[in-house]
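Take this structure, written in C-alpha coordinates, and hold onto it; I'll ask about it next.
The values are calculated or read from the model by the stated rules, or taken from the named source; none is laboratory data. Because the structure is predicted, anything quoted here is derived from the model rather than measured. Cβ atoms come from the backbone with ideal geometry, glycine included; neighbour counts cover every protein chain shown.
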Amino acid sequence: MASTSTRSRERPLDEAQNNTVPAAKEELQAPMHTDGGKATQTEPVIVINDLVRKFDDVTAVNGLNLEIRRGEMFGFLGPNGAGKTTTISILCGLLAPSAGSAQIAGYDIGKESKKIKEFIGVCPQEASVFKFLTGMENLILFGKLHGMDKQRLKERAMELVEKADFSEAAKRRAKGYSGGMMRQLNLMIALISDPEIVFLDEPTVGMDARARRRTWEYIGSLKDQGKTVILTTHYIEEAQALSDRVGIIDYGELIGLGSPEDLMAEHEAKDLESVFLNITGRRIAEGS
Ligand SMILES: Nc1ncnc2c1ncn2[C@@H]1O[C@H](COP(=O)(O)OP(=O)(O)OP(=O)(O)O)[C@@H](O)[C@H]1O
Ligand SMILES: [Mg+2]
(Lines give C-alpha, C1' and ligand atoms only; values in the text may rest on other atoms or scores of the structure.)
(Ligands and ions follow the chains in the order given, each with its own letter.)
Protein backbone atom coordinates (compact mmCIF):
# COMPACT_ATOMS: atom_id res chain seq x y z
CA MET A 1 0.00 0.00 0.00
CA ALA A 2 1.15 3.54 -0.68
CA SER A 3 1.76 5.70 2.36
CA THR A 4 0.00 8.77 0.91
CA SER A 5 -2.34 9.38 -1.95
CA THR A 6 0.45 11.33 -3.67
CA ARG A 7 2.82 8.45 -3.36
CA SER A 8 0.24 6.10 -4.74
CA ARG A 9 0.52 8.13 -7.95
CA GLU A 10 4.28 8.24 -7.80
CA ARG A 11 4.89 4.55 -7.46
CA PRO A 12 4.18 3.49 -11.02
CA LEU A 13 6.52 6.27 -12.15
CA ASP A 14 9.36 4.71 -10.16
CA GLU A 15 8.71 1.51 -12.02
CA ALA A 16 8.38 3.26 -15.34
CA GLN A 17 11.81 4.78 -14.83
CA ASN A 18 13.12 1.25 -14.47
CA ASN A 19 11.53 0.47 -17.82
CA THR A 20 9.51 -2.31 -16.28
CA VAL A 21 6.03 -1.04 -17.02
CA PRO A 22 4.23 -0.20 -20.25
CA ALA A 23 3.28 3.33 -21.28
CA ALA A 24 -0.21 3.16 -19.82
CA LYS A 25 1.26 2.91 -16.33
CA GLU A 26 3.44 5.97 -16.92
CA GLU A 27 0.37 7.87 -18.10
CA LEU A 28 -1.08 7.67 -14.63
CA GLN A 29 1.65 10.10 -13.62
CA ALA A 30 0.69 13.02 -15.82
CA PRO A 31 -0.25 16.20 -13.93
CA MET A 32 -3.85 16.67 -12.89
CA HIS A 33 -5.97 18.21 -15.61
CA THR A 34 -7.59 21.57 -15.32
CA ASP A 35 -9.73 21.11 -18.41
CA GLY A 36 -11.97 18.34 -17.11
CA GLY A 37 -9.58 15.84 -18.62
CA LYS A 38 -10.90 16.45 -22.13
CA ALA A 39 -7.46 16.90 -23.69
CA THR A 40 -6.26 13.46 -22.69
CA GLN A 41 -9.51 11.54 -22.98
CA THR A 42 -8.23 9.27 -25.66
CA GLU A 43 -5.83 7.09 -23.73
CA PRO A 44 -7.56 3.91 -22.56
CA VAL A 45 -6.92 3.40 -18.86
CA ILE A 46 -9.23 0.41 -18.46
CA VAL A 47 -9.18 -2.28 -21.12
CA ILE A 48 -11.60 -5.20 -20.92
CA ASN A 49 -11.20 -8.16 -23.27
CA ASP A 50 -13.78 -10.91 -23.79
CA LEU A 51 -14.70 -10.86 -20.12
CA VAL A 52 -17.00 -13.64 -18.91
CA ARG A 53 -18.37 -14.42 -15.48
CA LYS A 54 -20.72 -17.30 -14.80
CA PHE A 55 -22.58 -18.21 -11.64
CA ASP A 56 -23.77 -21.78 -12.10
CA ASP A 57 -26.30 -21.49 -14.91
CA VAL A 58 -26.34 -17.67 -14.98
CA THR A 59 -23.95 -15.86 -17.30
CA ALA A 60 -23.67 -12.47 -15.61
CA VAL A 61 -20.99 -11.09 -17.95
CA ASN A 62 -20.98 -12.49 -21.44
CA GLY A 63 -17.91 -11.68 -23.52
CA LEU A 64 -17.59 -8.01 -22.60
CA ASN A 65 -15.16 -5.85 -24.58
CA LEU A 66 -14.77 -2.25 -23.50
CA GLU A 67 -12.21 0.52 -23.18
CA ILE A 68 -12.59 3.36 -20.73
CA ARG A 69 -10.48 6.43 -21.30
CA ARG A 70 -8.31 8.25 -18.87
CA GLY A 71 -10.06 11.21 -17.26
CA GLU A 72 -13.42 10.05 -18.54
CA MET A 73 -16.74 10.08 -16.70
CA PHE A 74 -18.16 6.79 -17.91
CA GLY A 75 -21.80 5.96 -17.22
CA PHE A 76 -22.22 2.19 -17.01
CA LEU A 77 -25.93 1.63 -17.44
CA GLY A 78 -28.21 -1.35 -17.70
CA PRO A 79 -31.36 -2.93 -16.26
CA ASN A 80 -31.39 -4.85 -12.98
CA GLY A 81 -29.32 -7.98 -13.28
CA ALA A 82 -27.53 -6.79 -16.44
CA GLY A 83 -24.04 -7.50 -15.06
CA LYS A 84 -22.83 -4.04 -13.97
CA THR A 85 -21.92 -4.89 -10.38
CA THR A 86 -20.35 -8.17 -11.45
CA THR A 87 -18.14 -6.34 -13.97
CA ILE A 88 -17.10 -3.72 -11.41
CA SER A 89 -16.37 -6.42 -8.81
CA ILE A 90 -14.10 -8.18 -11.30
CA LEU A 91 -12.27 -4.96 -12.20
CA CYS A 92 -11.72 -4.17 -8.52
CA GLY A 93 -10.34 -7.63 -7.79
CA LEU A 94 -13.26 -8.66 -5.62
CA LEU A 95 -14.37 -11.41 -7.99
CA ALA A 96 -12.45 -13.61 -10.41
CA PRO A 97 -13.56 -13.78 -14.05
CA SER A 98 -14.55 -17.14 -15.55
CA ALA A 99 -12.74 -16.16 -18.75
CA GLY A 100 -11.22 -13.13 -20.46
CA SER A 101 -8.94 -10.45 -19.07
CA ALA A 102 -8.74 -6.79 -18.13
CA GLN A 103 -6.01 -4.27 -17.44
CA ILE A 104 -6.18 -1.11 -15.41
CA ALA A 105 -3.43 1.40 -16.23
CA GLY A 106 -1.56 -1.50 -17.80
CA TYR A 107 -1.80 -3.73 -14.73
CA ASP A 108 -3.50 -7.08 -15.09
CA ILE A 109 -6.51 -7.47 -12.79
CA GLY A 110 -5.67 -11.08 -12.04
CA LYS A 111 -1.92 -10.91 -11.50
CA GLU A 112 -1.49 -7.35 -10.25
CA SER A 113 -4.63 -6.57 -8.26
CA LYS A 114 -2.61 -5.43 -5.24
CA LYS A 115 -0.97 -2.75 -7.35
CA ILE A 116 -4.31 -1.71 -8.83
CA LYS A 117 -5.81 -1.24 -5.36
CA GLU A 118 -3.28 1.53 -4.73
CA PHE A 119 -4.92 3.89 -7.19
CA ILE A 120 -8.57 2.89 -7.31
CA GLY A 121 -11.45 3.71 -5.00
CA VAL A 122 -14.66 1.72 -4.84
CA CYS A 123 -18.11 2.61 -3.61
CA PRO A 124 -19.76 -0.81 -3.74
CA GLN A 125 -23.47 -1.30 -4.27
CA GLU A 126 -23.77 -2.99 -0.88
CA ALA A 127 -22.68 -0.81 2.02
CA SER A 128 -19.45 -2.01 3.59
CA VAL A 129 -18.71 -0.06 6.74
CA PHE A 130 -17.84 -0.97 10.30
CA LYS A 131 -21.11 -0.38 12.08
CA PHE A 132 -19.71 -0.08 15.60
CA LEU A 133 -17.37 2.71 14.56
CA THR A 134 -18.44 6.29 13.96
CA GLY A 135 -18.47 7.64 10.42
CA MET A 136 -15.22 9.53 11.09
CA GLU A 137 -13.57 6.44 12.61
CA ASN A 138 -14.54 4.50 9.51
CA LEU A 139 -12.91 7.10 7.28
CA ILE A 140 -9.73 7.11 9.37
CA LEU A 141 -9.60 3.31 9.41
CA PHE A 142 -9.97 2.99 5.63
CA GLY A 143 -7.44 5.79 5.11
CA LYS A 144 -4.97 3.92 7.32
CA LEU A 145 -5.56 0.78 5.28
CA HIS A 146 -4.45 2.84 2.28
CA GLY A 147 -1.31 3.77 4.22
CA MET A 148 -2.14 7.47 4.28
CA ASP A 149 -0.10 9.95 6.27
CA LYS A 150 -1.85 10.76 9.59
CA GLN A 151 -2.12 14.52 9.11
CA ARG A 152 -3.13 14.25 5.46
CA LEU A 153 -5.72 11.63 6.37
CA LYS A 154 -7.25 13.86 9.04
CA GLU A 155 -7.44 16.79 6.64
CA ARG A 156 -8.90 14.68 3.85
CA ALA A 157 -11.54 13.15 6.15
CA MET A 158 -12.56 16.60 7.41
CA GLU A 159 -12.72 17.94 3.87
CA LEU A 160 -14.98 15.08 2.75
CA VAL A 161 -17.40 15.27 5.68
CA GLU A 162 -17.67 19.05 5.40
CA LYS A 163 -18.39 18.92 1.67
CA ALA A 164 -21.06 16.28 2.28
CA ASP A 165 -22.55 18.29 5.16
CA PHE A 166 -21.87 15.21 7.24
CA SER A 167 -19.88 16.64 10.15
CA GLU A 168 -22.48 15.92 12.84
CA ALA A 169 -23.40 12.50 11.48
CA ALA A 170 -19.70 11.58 11.30
CA LYS A 171 -19.55 11.70 15.11
CA ARG A 172 -22.23 9.00 15.42
CA ARG A 173 -21.83 5.27 15.13
CA ALA A 174 -22.68 3.97 11.68
CA LYS A 175 -24.94 1.41 13.34
CA GLY A 176 -27.66 4.03 13.66
CA TYR A 177 -27.33 5.47 10.16
CA SER A 178 -30.22 5.59 7.73
CA GLY A 179 -29.80 3.98 4.31
CA GLY A 180 -28.96 7.30 2.66
CA MET A 181 -26.42 8.21 5.35
CA MET A 182 -24.77 4.83 4.91
CA ARG A 183 -24.47 5.54 1.18
CA GLN A 184 -22.87 8.91 1.87
CA LEU A 185 -20.33 7.31 4.19
CA ASN A 186 -19.60 4.60 1.64
CA LEU A 187 -18.92 7.22 -1.01
CA MET A 188 -16.56 9.11 1.28
CA ILE A 189 -14.72 5.88 2.08
CA ALA A 190 -14.27 5.30 -1.66
CA LEU A 191 -12.70 8.74 -1.99
CA ILE A 192 -10.64 8.89 1.20
CA SER A 193 -7.31 8.11 -0.49
CA ASP A 194 -8.01 10.59 -3.32
CA PRO A 195 -7.81 7.78 -5.90
CA GLU A 196 -7.14 8.33 -9.60
CA ILE A 197 -9.81 5.89 -10.73
CA VAL A 198 -13.14 5.68 -8.96
CA PHE A 199 -15.84 3.04 -9.29
CA LEU A 200 -19.21 4.23 -8.04
CA ASP A 201 -21.89 1.55 -8.04
CA GLU A 202 -25.20 3.34 -7.58
CA PRO A 203 -23.77 5.95 -5.24
CA THR A 204 -26.99 7.89 -4.66
CA VAL A 205 -29.54 5.14 -4.03
CA GLY A 206 -31.66 5.93 -0.99
CA MET A 207 -30.44 9.53 -0.68
CA ASP A 208 -32.98 12.31 -0.30
CA ALA A 209 -33.24 14.84 -3.13
CA ARG A 210 -30.94 17.37 -1.50
CA ALA A 211 -28.21 14.86 -0.62
CA ARG A 212 -28.51 13.35 -4.10
CA ARG A 213 -28.08 16.68 -5.84
CA ARG A 214 -25.09 17.58 -3.70
CA THR A 215 -23.58 14.15 -4.38
CA TRP A 216 -24.08 14.48 -8.14
CA GLU A 217 -22.38 17.86 -8.02
CA TYR A 218 -19.51 16.35 -6.12
CA ILE A 219 -19.20 13.46 -8.56
CA GLY A 220 -19.12 16.00 -11.39
CA SER A 221 -16.25 17.78 -9.65
CA LEU A 222 -14.22 14.55 -9.66
CA LYS A 223 -14.10 14.80 -13.41
CA ASP A 224 -12.76 18.34 -13.15
CA GLN A 225 -9.97 16.95 -10.99
CA GLY A 226 -8.99 14.69 -13.89
CA LYS A 227 -10.17 11.48 -12.28
CA THR A 228 -11.53 8.57 -14.24
CA VAL A 229 -14.99 7.74 -12.91
CA ILE A 230 -17.02 4.63 -13.69
CA LEU A 231 -20.53 5.25 -12.55
CA THR A 232 -23.52 2.92 -12.48
CA THR A 233 -26.90 4.41 -11.78
CA HIS A 234 -30.56 4.03 -12.57
CA TYR A 235 -30.89 7.83 -12.53
CA ILE A 236 -30.46 8.09 -16.27
CA GLU A 237 -31.02 11.85 -16.34
CA GLU A 238 -28.02 12.44 -14.11
CA ALA A 239 -25.96 9.98 -16.11
CA GLN A 240 -26.85 11.92 -19.24
CA ALA A 241 -25.83 15.22 -17.66
CA LEU A 242 -22.55 13.97 -16.23
CA SER A 243 -21.17 11.29 -18.54
CA ASP A 244 -18.71 11.82 -21.37
CA ARG A 245 -19.74 8.42 -22.68
CA VAL A 246 -22.14 5.76 -21.56
CA GLY A 247 -22.06 2.02 -22.08
CA ILE A 248 -25.37 0.17 -21.94
CA ILE A 249 -25.17 -3.46 -20.90
CA ASP A 250 -27.85 -6.15 -20.86
CA TYR A 251 -27.56 -9.87 -20.22
CA GLY A 252 -23.86 -9.28 -19.72
CA GLU A 253 -23.34 -7.86 -23.22
CA LEU A 254 -22.58 -4.34 -24.31
CA ILE A 255 -25.50 -3.20 -26.43
CA GLY A 256 -24.83 0.52 -26.69
CA LEU A 257 -21.77 2.75 -26.44
CA GLY A 258 -21.17 6.42 -27.12
CA SER A 259 -21.63 9.94 -25.83
CA PRO A 260 -25.18 10.70 -24.67
CA GLU A 261 -25.51 13.13 -27.60
CA ASP A 262 -24.38 10.58 -30.19
CA LEU A 263 -26.63 7.87 -28.77
CA MET A 264 -29.62 10.24 -28.77
CA ALA A 265 -28.93 11.23 -32.37
CA GLU A 266 -28.45 7.61 -33.44
CA HIS A 267 -31.76 6.56 -31.87
CA GLU A 268 -33.57 9.79 -32.71
CA ALA A 269 -34.43 10.05 -29.03
CA LYS A 270 -35.13 13.17 -26.98
CA ASP A 271 -33.14 11.94 -24.00
CA LEU A 272 -30.92 9.13 -22.81
CA GLU A 273 -33.74 7.44 -20.93
CA SER A 274 -35.59 6.97 -24.22
CA VAL A 275 -32.42 5.52 -25.72
CA PHE A 276 -32.12 3.18 -22.77
CA LEU A 277 -35.73 2.01 -23.04
CA ASN A 278 -35.37 1.71 -26.77
CA ILE A 279 -32.29 -0.47 -26.56
CA THR A 280 -33.13 -2.60 -23.57
CA GLY A 281 -36.86 -2.78 -24.14
CA ARG A 282 -37.36 -2.88 -20.46
CA ARG A 283 -38.56 -0.48 -17.81
CA ILE A 284 -36.03 1.18 -15.60
CA ALA A 285 -36.14 -0.09 -12.07
CA GLU A 286 -35.13 2.59 -9.62
CA GLY A 287 -32.69 1.72 -6.88
CA SER A 288 -31.16 -1.61 -6.22
N1 LIG B 1 -22.92 -14.20 -6.22
C2 LIG B 1 -23.83 -14.49 -7.16
N3 LIG B 1 -24.37 -15.73 -7.23
C4 LIG B 1 -25.27 -16.04 -8.19
N5 LIG B 1 -25.70 -15.19 -9.13
C6 LIG B 1 -25.20 -13.93 -9.10
C7 LIG B 1 -24.24 -13.52 -8.12
N8 LIG B 1 -23.93 -12.22 -8.35
C9 LIG B 1 -24.66 -11.84 -9.41
N10 LIG B 1 -25.42 -12.86 -9.86
C11 LIG B 1 -26.33 -12.82 -11.01
O12 LIG B 1 -25.64 -12.24 -12.09
C13 LIG B 1 -26.50 -11.37 -12.83
C14 LIG B 1 -25.90 -9.98 -12.88
O15 LIG B 1 -25.94 -9.41 -11.59
P16 LIG B 1 -25.33 -7.98 -11.26
O17 LIG B 1 -25.41 -7.81 -9.79
O18 LIG B 1 -24.02 -7.87 -11.91
O19 LIG B 1 -26.36 -7.02 -12.00
P20 LIG B 1 -26.47 -5.43 -12.00
O21 LIG B 1 -26.42 -5.00 -13.43
O22 LIG B 1 -25.50 -4.84 -11.08
O23 LIG B 1 -27.96 -5.20 -11.48
P24 LIG B 1 -28.61 -4.06 -10.53
O25 LIG B 1 -28.91 -2.89 -11.41
O26 LIG B 1 -29.86 -4.70 -10.03
O27 LIG B 1 -27.64 -3.76 -9.44
C28 LIG B 1 -27.86 -11.46 -12.15
O29 LIG B 1 -28.64 -12.43 -12.83
C30 LIG B 1 -27.52 -11.92 -10.76
O31 LIG B 1 -28.58 -12.65 -10.18
MG1 LIG C 1 -25.64 -3.78 -9.37
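If Met148 passes every condition in (1) surrounded by fewer than 21 Cβ atoms within 10 Å (Cβ to Cβ); (2) assigned to a loop (DSSP other than H, G, I, E, B) but one, which one does it miss?
(1)
In the stretch 113-132, what residues are more than 16 Å from ligand 1 (Cβ to nearest atom), in a loop (DSSP other than H, G, I, E, B) and surrounded by 17 or more Cβ atoms within 10 Å (Cβ to Cβ)?
Glu118, Phe119, Val129
Suppose we keep only residues that are more than 15 Å from ligand 2 (Cβ to nearest atom) and in contact with an Asp or Glu (Cβ under 8 Å, 6 or more places away or on another chain) within the stretch 59-70. Which one would you say is farthest from Gln103 (Cα to Cα)?
Looking only at the stretch 59-70, we keep the residues that are more than 15 Å from ligand 2 (Cβ to nearest atom), and these are 59, 62-63, 65-70.
Subset that is in contact with an Asp or Glu (Cβ under 8 Å, 6 or more places away or on another chain): 62-63, 65, 69-70.
Details: Asn62: 18, Gly63: 15, Asn65: 12, Arg69: 12, Arg70: 13 Å.
Checking each candidate, the answer is Asn62.
Using beta carbons and a limit of 7 Å, which pairs, at least six apart or on different chains, have the first residue in the stretch 111-129 and closer than 25 Å to Met182 by Cα and of a type in the set (Phe, Trp, Tyr) and the second one more than 16 Å from ligand 1 (Cβ to nearest atom) and assigned to a helix (DSSP H, G or I)?
Sorted first by the residue in the stretch 111-129, then by its partner, the pairs are Phe119/Ser8; Phe119/Arg9.
Counting only residues that are touching a His at 6+ places or on another chain (Cβ under 9 Å) and small (Gly, Ala, Ser), which one in the stretch 193-240 is nearest to Gln151 (Cα to Cα)?
Checked the stretch 193-240; the qualifying residue nearest to Gln151 (Cα to Cα) is Ser193.
Another question about this same structure. How do the strands (runs of 3 or more DSSP E) wholly within the stretch 55-109 filter down when requiring 2 or more residues that are under 15 Å from the mean Cα position of the chain (by Cα), within 16 Å of ligand 1 (Cβ to nearest atom) and crowded, with 21+ Cβ neighbours inside 10 Å: which remain? Quick ask: steps written out before the conclusion?
Details: elements: 58-69, 73-77, 99-104.
Hits in the stretch 55-109: 73-77.
Would the stretch 108-122 turn up any residue that is small (Gly, Ala, Ser) and within 13 Å of Leu64 (Cβ to Cβ)? Break it down into steps so the answer makes sense when it comes.
Within the stretch 108-122, the first condition is being small (Gly, Ala, Ser), and the residues that meet it are 110, 113, 121.
Among the residues that remain, those that are also within 13 Å of Leu64 (Cβ to Cβ) are: none.
Taking every residue of the stretch 108-122 in turn, none turns out to be small (Gly, Ala, Ser) and within 13 Å of Leu64 (Cβ to Cβ).
What's the number of the condition Leu272 fails, among (1) under 22 Å from Gly121 (Cα atoms); (2) away from ligand 2 (no atom under 16 Å from the Cβ)?
(1)
Cβ-Cβ below 7 Å, separation at least six or inter-chain, first residue in the stretch 275-288 and within 23 Å of Leu200 (Cβ to Cβ), second modelled with pLDDT under 60 and within 11 Å of ligand 1 (Cβ to nearest atom): which pairs?
Phe276/Ile284
For the stretch 100-129, which positions are at pLDDT below 95 and aromatic (Phe, Trp, Tyr)?
Scanning the stretch 100-129 gives a single hit, Phe119.
Somewhere in the stretch 224-231, is a residue within 16 Å of ligand 1 (Cβ to nearest atom), under 20 Å from Phe76 (Cα atoms) and within 12 Å of the chain's Cα centre (by Cα)?
The first filter runs over the stretch 224-231 and keeps only residues within 16 Å of ligand 1 (Cβ to nearest atom), leaving 230-231.
Now narrow it down to the ones that are under 20 Å from Phe76 (Cα atoms): 230-231.
Remaining after also requiring within 12 Å of the chain's Cα centre (by Cα): 230-231.
So far as the stretch 224-231 goes, yes, one or more of its residues are within 16 Å of ligand 1 (Cβ to nearest atom), under 20 Å from Phe76 (Cα atoms) and within 12 Å of the chain's Cα centre (by Cα).
Return the total of residues in the stretch 240-256 being buried (at least 16 other Cβ atoms within 10 Å of the Cβ) and in a strand (DSSP E or B).
9
If you scan the stretch 155-172, which residues turn out to be over 23 Å from the mean Cα position of the chain (by Cα) and over 19 Å from Asp208 (Cβ atoms)?
Once the filter is applied, which keeps residues that are over 23 Å from the mean Cα position of the chain (by Cα) and over 19 Å from Asp208 (Cβ atoms), the stretch 155-172 yields only Lys171.
Mind checking which residues of the stretch 197-212 are in a strand (DSSP E or B) and within 13 Å of ligand 1 (Cβ to nearest atom)?
Phe199, Leu200, Asp201
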